[in-house]
Amino acid sequence: MAEADSCLESFELYESESKFYILGTNCNKTIWRLLKIDRMEPSEVNVHEDSTVLSQSDYLDMLKNLDEQHRSTGGVKFVTNCFGIIGFIKFLGPYYMLIITEQRKIGDIFGHMVYQVSKTAMIELSNSTTRPKLINSKDENRYKKLLQTIDLRKDFFFSHSYHIMRSLQKNFNDPQEGWELYDTMFVWNEFLTRGIRDILKTTLWTVALVYGFFKQDKLAICGKDIMLTLIARRSRHYAGTRYLKRGVNEEGRVANDVETEQIVYEDMLGPWQISSVVQNRGSIPLFWSQETSKLNLKPDIICKH
């Protein structure tokens, strides 16, 4: 688990003719960092992180300097506030950047906030001079519409400072940091963030989206406030709807693999007494399938091997 003060939790996106600038800050707005994204080669993802850690006054000076540098081409303009990069995606034309523009708090785990995605945006990396003709093609628009049918507001959650993709036991007994955490089976935007993570070797600017269920409630038991948290993490491998995904695939991934974790602890100051129980479930690990039929309410099981 990362220290909340060292994590970037809110961001400001600015644009010039040649670059996007993202200024990120921690929860207390005591430190700021700068990320530059090139717009002159929109067919590639070219990002650069400034190594300088800025204070609040440095942040204001940085904005003025950036505006001065681009004064001849219209300066630097504010685009939107956001809460992290979901990833980068390309169809037939330029790359697009997917960002979270609104989030909703759904709980916290030992002071680490957990959020649900409320609203997202897709930002085209190209500008007016580098925009390819394919940007408005029929196929390009069709692919963009297909992507927009995925509702990230439903059952996707994340945390800036807690590794929500891992169980409590793993976070305490086998702590890990860095971009390799995204390679787990429960981070659904692993592929979308792979490019920027490979370049920057950090996950400060991205969020790891987990798909499943998160619910937290406080219970009064024998005069004590007990926090109950239920987390279900659905695997990104071999996932699908009932009947259409069954058994196991050639890579040994079972269909609809879900890890369910129940965390219980007393809400109090001082050392916590914590209980965490993890249960895994998935389809029967055999090569089998079922054919759906409106006439047969119980489809026959067909073993392939």
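The values are calculated or read from the model by the stated rules, or taken from the named source; none is laboratory data. Please read all numbers here as calculations on a predicted model, not as lab measurements. Here the Cβ is made from the backbone with ideal geometry for all residues, glycine too, and neighbour counts use every protein chain on show.
Here are the numbers for the structure shown:
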item	result
Selection count where residues are under 19 Å from Lys90 (Cβ atoms) and not in a strand (DSSP E or B), scope the range 17-48	8
Residues being surrounded by 12 or more Cβ atoms within 10 Å (Cβ to Cβ) and farther than 18 Å from Trp188 by Cβ - total across the range 245-271	9
Cβ-Cβ under 6 Å pairs, at least 6 apart or on other chains, the range 145-156 side among the acidic types (Asp, Glu), far side surrounded by 10 or more Cβ atoms within 10 Å (Cβ to Cβ)	Asp155/Tyr211
Qualifying positions in the range 1-53 - touching a helix residue (DSSP H, G or I) at 6+ places or on another chain (Cβ under 8 Å) and under 22 Å from Arg104 (Cβ atoms)	Met1, Thr25, Asn26, Cys27, Asn28, Lys29
Strands (runs of 3 or more DSSP E) enclosed by the range 214-293 - at least 1 residues per element that are under 18 Å from Tyr162 (Cβ atoms) and at pLDDT 85 or above	224-234, 258-266, 274-281
Restricting the range 144-157 to residues that are surrounded by 14 or more Cβ atoms within 10 Å (Cβ to Cβ) and either of a type in the set (D, E, K, R) or more than 16 Å from Ile99 (Cβ to Cβ) (or both), the residue that is nearest to the chain's Cα centre (by Cα)	Phe157
Filter pass, Val210 being closer than 28 Å to Asp50 by Cα, modelled with pLDDT of 95 or more and not charged (D, E, K, R)	no
Sole exception among (1) assigned to a loop (DSSP other than H, G, I, E, B); (2) farther than 18 Å from Met122 by Cα; (3) touching a residue at least 24 places away in the same chain (Cβ under 8 Å) for Thr52, by number	(3)
Any pair with Cβ under 9 angstrom, 6 or more apart, that starts in the range 164-192 at a residue that is within 13 Å of Ser235 (Cα to Cα) and free of Cβ contacts under 8 Å to residues at least 60 places away in the same chain and ends at one that is in a loop (DSSP other than H, G, I, E, B) and among the β-branched types (Val, Ile, Thr)	Arg166/Thr184; Tyr182/Thr203; Glu190/Thr184
All positions within the range 168-211 that are small (Gly, Ala, Ser) and either surrounded by fewer than 18 Cβ atoms within 10 Å (Cβ to Cβ) or assigned to a helix (DSSP H, G or I) (or both)	Gly178, Gly195
Inter-residue pairs, beta-carbon under 6 Å, first free of Cβ contacts under 8 Å to residues at least 60 places away in the same chain and more than 15 Å from Asn171 (Cα to Cα) and in the range 257-269, second part of a strand (DSSP E or B) and among the charged types (D, E, K, R), 6+ apart	Val258/Arg234; Val258/Arg281; Glu266/Lys224; Asp267/Asp225
Residue match in the range 294-304 (condition: assigned to a loop (DSSP other than H, G, I, E, B), at pLDDT below 80, loosely packed, with under 12 Cβ neighbours inside 10 Å and in contact with a Phe, Trp or Tyr (Cβ under 8 Å, 6 or more places away or on another chain))	yes
Matching entry among Arg281, Arg242, Arg234 (being within 23 Å of the chain's Cα centre (by Cα), charged (D, E, K, R) and either farther than 22 Å from Gly111 by Cα or buried (at least 16 other Cβ atoms within 10 Å of the Cβ) (or both))	Arg234
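So that you can scan it fast, the table gives a plain yes or no per residue for (1) in contact (Cβ under 8 Å) with a residue 40 or more places away in the chain; (2) buried (at least 16 other Cβ atoms within 10 Å of the Cβ); (3) part of a helix (DSSP H, G or I); (4) of a type in the set (Lys, Arg):
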{"site": "Val79", "(1), (2), (3), (4)": "yes, yes, no, no"}
{"site": "Gly87", "(1), (2), (3), (4)": "yes, yes, no, no"}
{"site": "Leu98", "(1), (2), (3), (4)": "yes, yes, no, no"}
{"site": "Ile106", "(1), (2), (3), (4)": "yes, no, no, no"}
{"site": "Lys119", "(1), (2), (3), (4)": "no, no, no, yes"}
{"site": "Asn127", "(1), (2), (3), (4)": "yes, yes, no, no"}
{"site": "Arg142", "(1), (2), (3), (4)": "no, no, yes, yes"}
